[in-house]
Amino acid sequence: MPERQSLLFAIVALCIVNGIFSPYLKVAIPIALVLMPELFPRTLEWVLFWSSVMLASATLIFSGVPAALYERVAGSPAASSAAVWIWLAGAVVLSLPAALRAL
């Protein structure tokens, strides 16, 4: 069984891929223009970068909600890896549209 840390790296990598290839990038671009820090120039490259970062962060957060609910309800010990597997499954489900778009 893989270690919890390696599963966490897989979750983060999956979220990054989802941020890059997400079909919701068109929705995230106007939001990123508003939320983008002023210290970066408003070029296409920076806007796409911050849009991808925003989508990857949202995937990471929203895929962790079922895992957090499971830990809360089950009251499992901190050493259990079931919550990390649930987190990975949530990230896979949220990344399916990006995977279909990348293929």
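The values are calculated or read from the model by the stated rules, or taken from the named source; none is laboratory data. Just so we're clear, the structure is a prediction, and the values are computed from it rather than from any experiment. Quick reminder, even Gly has a Cβ in these numbers, built from the backbone with ideal geometry, and neighbours come from all protein chains shown.
Residue check: is V65 under 30 Å from P30 (Cβ atoms), free of Cβ contacts under 8 Å to residues at least 40 places away in the same chain and either assigned to a helix (DSSP H, G or I) or touching a strand residue (DSSP E or B) at 6+ places or on another chain (Cβ under 9 Å) (or both)?
The answer is yes for V65.
On the given criteria, is P37 assigned to a helix (DSSP H, G or I), farther than 14 Å from A98 by Cα and not small (G, A, S)? If you could, list the steps in order and put the result at the bottom.
Numbers: assigned to a helix (DSSP H, G or I): no; farther than 14 Å from A98 by Cα: yes; not small (G, A, S): yes.
For P37, the condition - assigned to a helix (DSSP H, G or I), farther than 14 Å from A98 by Cα and not small (G, A, S) - is not met.
For residues in region 69-78 being part of a helix (DSSP H, G or I) and surrounded by fewer than 13 Cβ atoms within 10 Å (Cβ to Cβ), which is modelled with the lowest pLDDT?
A74
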